[in-house]
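As structure tokens, the structure follows; a few thoughts come after it.
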Amino acid sequence: MANISTIYKLSFLAFTYFIQVYGTSCPVLECWFVQEKPGRGGGFPAAMIQEKSLLYINTDPESEQTKSQQGPSADISHDRVYYITDPAAILCSSSLHPPEGSVHKPQCEINPFMPQPSTVQWAVPLTDSAHSPIYLQADWYSAALQGLDGQLALSSVMRAPTATKEPTVVLSVSSRTPLVRSRLGEPVVLDCGFWAEASSPLSSSGFAVEWRYQFRGDGRLVLAYDGKTDRFAETKEKGAGLDFTALHETGNASLILQEAEVRHTGTYICTAYLPYLLAQVAVELEIVEPPSLSIFPSPLPLSVPGQVVKVQCEASGFFPLSLEFHWELTGPDGKVRPLGQGSVTGHRQGPDNTYSQTTRLELDSAKLDLGRGGEVTCVAVHPGGTRRASVTLNVIGVNGPSIEDSMAMVAVALGLYGLIKIVSWTFSSGSDDTNSQEKVIALS
């Protein structure tokens, strides 16, 4: 059995290698080359230049396949055609490869990049030497990409020999879930992984990982780890961590939140550091909690024509604030009638930062033509889902007795009949006892 298992594993690895080497289909990426326009100063914001560019992707630096492909179109300069080697094949992701003829394209931007030492304390040890390696003397680029349908966020730093257009990816940071939605109280994993070219001399000097939070101008450090010294930076964040085994073995830098709270809603920036290099991606976390509904009073009192019955529906514990109310009446025949949204109060925010809101409805059987009543339903429409709560409304004495009215009247009649019989039996028994006593006295 052990031999069979070994053969199976070897076969699987061989198949995987074959697919990666020969079966990888890398897209030709249309990209924007963006850089500052030279010659502008005086404290004014730098003007930017945008030029169309093409990125031919390959996973093997020795392959000539990409260079033999069709050249750029007439509106793209030859100086903006790049032949990129990505040994990790992240740039070959299917989310960056739209179907032929599709109008939807992945977003791509490439920029010149300047390697420099980092100043954050958890990355400073990576460049504790005062000498910059000769390896940095080259042309450097950074590329930021967004896959189709939000399936991938990718940032890569690339190095090309001076005056060439053949960069090789040295550092990549990516997320397969740039947008994450979670309910309150659930554990959350914000995906982020980094890859570093093993043959690069920068890879042997260690790494650092950082997670930052941003939301509406508010920002904070969530977690920072220095992989070279195996130390954490001190933060005030609780319930956040990393899988250290996966981090060191596979570069899995995903942030793990033990329990989702409203305060976690926002943008999280995952940054990976190598000496003189950094790359980062953003992950959006949305906390979406649907409301809980309750109707008062329940059950509703019996109603007669002309009487107004007031009912209210409270939605509580929901987030975000977006919420729409409406009321419905389902009659005995199964038909649904809209009753409007009622009178909606302003929202209230609880200690856990979730919201509550109430709608009130007046049920006037004369004005609303409620018939014999039915099931009154409060409907709350929220991004987290639609919620319903129902209560029964009974209107009696409408257009002659209904079956329910008739049964109620029969029950009342039977009750009255029984009461009369009991009273009659009681008086009859008392009269008989009195006559018997009089007869006994007379005989005496």
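The values are calculated or read from the model by the stated rules, or taken from the named source; none is laboratory data. Note that the coordinates shown come from a computational prediction; the quantities given were computed from them, not determined experimentally. Here Cβ is always computed from backbone atoms with ideal geometry, including for glycine, and neighbour counts include all displayed protein chains. Calculation scope for accessible area: heavy atoms of the full protein, side chains included, ligands and nucleic acids excluded. Shrake-Rupley method; radii C 1.70, N 1.55, O 1.52, S 1.80 Å.
What is the sum of charges around residue 157, taking Lys and Arg as +1, Asp and Glu as -1, for the other residues whose C-beta is under 14 Å from the C-beta of residue 157?
Combined, the nearby Lys, Arg, Asp and Glu give -3.
Not counting ligands, DNA or RNA, and with a 1.4 Å probe, what is residue 49's accessible surface area in Å² rounded to the nearest 10?
Spelled out: residue 49, probe radius 1.4 Å, area about 50 Å².
Can you give the local net charge around residue 378? Use residues other than it whose beta-carbon is closer than 13 angstrom to its beta-carbon, Lys and Arg +1, Asp and Glu -1.
-1
For 83, 225, 355, 417, write out the residues from largest to smallest accessible area, computed with a 1.4 angstrom probe and no ligands counted.
Of 83, 225, 355, 417, the descending order of accessible area is 417, 83, 355, 225.
Using alpha-carbon pairs under 8 Å, 6+ residues apart, how would you state the relative contact order of the range 123-242 in percent?
Relative contact order here is 17 percent.
Counting other Cβ atoms within 10 Å, keep those with at most 16, restrict to DSSP loop, and tell me which GluC sites (Glu not before Pro) in the range 268-315 are left.
Answer in residue order: no site qualifies.
Name the long-range amide H neighbours of residue 223: under 5 Å, sequence gap of 5 or more, or other chain; modelled H, no Pro or chain starts.
Correct list: 211.
Show the residues, 5+ positions off or on another chain, whose built amide H is closer than 5 Å to the amide H of residue 337.
329, 330, 331
Please sort 31-37, 356-362 by packing, taking for each peptide the average over its residues of neighbouring beta carbons within 10 angstrom, highest first.
Top of the packing list down: 356-362, 31-37.
Leaving ligands and nucleic acids out of the surface, order 48, 158, 114 by accessible area at 1.4 Å, largest first.
114, 48, 158
For the range 102-112, take each phi angle, set θ = phi - 60°, evaluate the Karplus expression 6.51 cos²θ - 1.76 cosθ + 1.60, and give the result in whole Hz per residue in order, putting x for glycine and proline.
6, 7, 8, 10, x, 8, 8, 9, 10, 9, x
For a quick check of understanding: with a 1.4 angstrom probe and all protein chains in place, what accessible area in square angstrom does residue 52 have, to the nearest ten?
About 90 Å², ignoring ligands and nucleic acids.
Shape call for the range 172-289 from the C-alpha gyration tensor, a ≥ b ≥ c root eigenvalues: rounded (a/c under 1.5), prolate (a/b greater than b/c) or oblate?
Prolate.
Pull out the extension gain between residue 419 and residue 344, defined as 0.36 nm times the separation in residues minus the alpha carbon to alpha carbon distance; nm, one decimal.
Extending this stretch completely gives an extra 22.1 nm.
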